[in-house]
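Right, one structure below, let's go through it.
The values are calculated or read from the model by the stated rules, or taken from the named source; none is laboratory data. These numbers come from a predicted model, not from an experiment. For neighbour counting, all protein chains shown are included, and Cβ atoms are generated from backbone atoms with ideal geometry for every residue, glycine included.
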């Protein structure tokens, strides 16, 4: 093996500090204990799924169902219990669109972006939702109460366009109906007295506008 | 005497207010002193009529739809409880509605008719006969029945189910698995969801039979997380089936075992690919595996595994109950049996249409569908999900048949049909196909991982090109890229994303600024 030259540190002396200071530094590297609610949810999920073959996904679902997200600080405990590396667990959490590593907004509006809904005006509905909430996809409404997310097919393709509002399926969602649903969900303060009930199927007007498919497309050529 | 009224619990009905309608019916009935028994059935599949309310009468069920909660009082005034026809929403006897009467419902025979969670109801409508027959047969005889029926995988690949089962049957192993692929991610597809929500015992019965046939004693249903109602229905049905001895260590007193569990996906489209699904079931990222080894030999946890789609497994109880010849009597050529077709997007009368193979797209779009919902001309029809080709009008008279579609570079896939009217910009839809692939690619192979992103860029340049020369260059580049993806991708995600792109380019060149 070749000798490796030590990098030149510019002559500055490296001060290690006193034993007491060193202990302090080392202690700061140890992650703080999990918050009690997080620890309870994670331990329950581990107990339920540790011995199940391929149990990592159901375990992560259990954590997210309990807490609303999968806290990054919980990954070491999950990895240890499942006999995996932290990288492997992080890989799974970050691979799947469903898992979140931070809490969501109190309310979630998920708009279907897939073809059947596009054919029934999903682009116009998204544009309306973005205006109404003051944010783009993956964003949060100006008041922070609603997360706007895309979803790719809810299997409600003959009653399009479709959405999930706080997990509840909604079909034939016109911009007016979306406003009424949001008003109903957020409290109707100042909102127009819209009717949140779905309409009957009818001929829909789909603007043919030049608006790009996604907000993120804006500015691309 | 109590009047029986049905209001569907199918997610598509819930999405358009079925719960509110059910509550209004109970309220109105109580206020009027009418004794009503409310039953929550699956959907009949006439989704443009949802919420579809049915009333049981001496002459059979009478339908009303689409009903809104505020219609309910007027419906009672008009004699709803007697199935009377004095209201504009009165449709007449459900079974006589031509949209339904002209179908050939084998797999969907019970969906919308029974209470999905009642095993007694399931049995009363013929459920369980396939399992009873299977328990009386040797495993190889069950496999032979499925082979003889001509059943092919309904998930899209159309591989002969009997051959897959025989491979697993013949593979020696202490533990084998049955995996049901219920990761129905294709836009325009919802037949798996309707079966799981509307007749979950049929899927359970099909999986138990698959276990008996192959010697597998454990099964998993991998359901996408976007289907919470299907997951809930399946879990309830599995618990009931276990109590009834249809699952567990001693199925129907035969001494043979089969256990079944539901696993929830986590929002990854590519997990509908069978090897990615197996990776996900094993608790990893849904990364596609190279084949061989085939999952039938080295599948879940490395053991021999049957991976079948929901509709494939759901067809099995009937094949056993009525015999292979009965099922094979439907269809044409090498496409035997029926296909549950899902008509969606911009269509007036969308829903679930089960028919023998051989119907044409034109019949579906106009006889069943009634044309576009917008009333405008239909421009393009995507058959077989986001990886399926856009089928132009010149091909609407082809029979729906695996080989006929393959012959024109199209696919039937899972039987989902998405209709677009004349305002659809096919270049944008082609771009979306590439964008969706970039979003959902598992990243294992380069043509899919990189090709999809380059595809979006090339289509953007093609759409923005200043002159015919620049457009021609970009078109050549796009075609070359598509060829690389088709030939070089590991699975259908990258290998078929070019289908919608190239079909859009070939049949709608004007949308790309190219001359025809």
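Does residue B:415 meet the test of being in the same structural domain as residue B:397 (by TED's automatic domain parsing) and at pLDDT below 95? For residue B:415, the condition - in the same structural domain as residue B:397 (by TED's automatic domain parsing) and at pLDDT below 95 - is not met. All of A:138, A:128 fail the test of being in contact with a helix residue (DSSP H, G or I) (Cβ under 6 Å, 6 or more places away or on another chain), surrounded by fewer than 24 Cβ atoms within 10 Å (Cβ to Cβ) and at pLDDT 95 or above, apart from A:128. Determine whether region B:101-108 contains at least one residue that is more than 22 Å from the chain's Cα centre (by Cα) and surrounded by fewer than 22 Cβ atoms within 10 Å (Cβ to Cβ). Looking through region B:101-108, none of the residues is more than 22 Å from the chain's Cα centre (by Cα) and surrounded by fewer than 22 Cβ atoms within 10 Å (Cβ to Cβ). For region B:447-455, check the following and say yes or no: at least one residue is within 29 Å of residue B:288 (Cβ to Cβ), out of contact with any helix residue (DSSP H, G or I) (no Cβ under 7 Å at 6 or more places or on another chain) and within 14 Å of another protein chain (Cβ to nearest Cβ). Checked against the condition, which is being within 29 Å of residue B:288 (Cβ to Cβ), out of contact with any helix residue (DSSP H, G or I) (no Cβ under 7 Å at 6 or more places or on another chain) and within 14 Å of another protein chain (Cβ to nearest Cβ), region B:447-455 yields at least one hit.
Scanning region B:238-270 for residues that are assigned to a helix (DSSP H, G or I), more than 9 Å from every other protein chain (Cβ to nearest Cβ) and under 25 Å from the mean Cα position of the chain (by Cα) gives B:238, B:239, B:240, B:241, B:270.
The strands (runs of 3 or more DSSP E) located wholly in region B:34-86 that include 3 or more residues which are under 29 Å from residue B:344 (Cα atoms) occupy B:53-57, B:60-64.
Filtered by the rule that a residue be more than 26 Å from residue B:49 (Cβ to Cβ), part of a loop (DSSP other than H, G, I, E, B) and touching a helix residue (DSSP H, G or I) at 6+ places or on another chain (Cβ under 6 Å), region B:389-410 gives B:389, B:392, B:397, B:398, B:408. Counting the residues of region B:27-39 that are surrounded by 15 or more Cβ atoms within 10 Å (Cβ to Cβ) and either out of contact with any helix residue (DSSP H, G or I) (no Cβ under 7 Å at 6 or more places or on another chain) or not assigned by TED's automatic domain parsing to the domain that holds residue B:82 (or both) gives 2. Name the residues in region B:410-426 that are surrounded by fewer than 24 Cβ atoms within 10 Å (Cβ to Cβ) and within 11 Å of another protein chain (Cβ to nearest Cβ), would you? Passing the criteria: B:421, B:422, B:423, B:425. For region A:33-99, the helices (runs of 4 or more DSSP H) that sit wholly inside it and include 3 or more residues that are within 14 Å of another protein chain (Cβ to nearest Cβ) and within 20 Å of the chain's Cα centre (by Cα) are A:56-67, A:86-95.
Quick one: count up the residues across region B:1-26 that are surrounded by fewer than 20 Cβ atoms within 10 Å (Cβ to Cβ) and within 14 Å of another protein chain (Cβ to nearest Cβ).
2
Residues in region B:224-237 that are crowded, with 24+ Cβ neighbours inside 10 Å and away from chain A (no Cβ under 11 Å): 3 in all. One residue stands out in region B:328-359 among those that are away from chain A (no Cβ under 11 Å) and within 19 Å of residue B:46 (Cα to Cα): the one that is surrounded by the most Cβ atoms within 10 Å (Cβ to Cβ), namely B:340. The residues of region A:118-175 that are at the interface with another protein chain (Cβ under 10 Å from one of its Cβ atoms) and assigned to a helix (DSSP H, G or I), listed by number, are A:118, A:123. Looking across region B:297-314 at every residue that is in a loop (DSSP other than H, G, I, E, B) and crowded, with 24+ Cβ neighbours inside 10 Å, the one that is nearest to the other protein chains (Cβ to nearest Cβ) is identified as B:299. When B:470, B:476 are screened for being within 14 Å of another protein chain (Cβ to nearest Cβ), over 30 Å from residue B:347 (Cβ atoms), free of Cβ contacts under 8 Å to residues at least 24 places away in the same chain and assigned to a helix (DSSP H, G or I), only B:470 passes. Against the definition (away from chain A (no Cβ under 14 Å) and modelled with pLDDT of 95 or more), how does residue B:221 come out, yes or no? Here the answer is no, as residue B:221 does not meet what is asked. Cβ separations smaller than 7 Å between residues 6+ apart or across chains give the following pairs from region B:271-296 residues that are at the interface with chain A (Cβ under 8 Å from one of its Cβ atoms) and at positive phi to residues that are modelled with pLDDT of 95 or more and in a helix (DSSP H, G or I): B:283/A:56; B:283/A:57.
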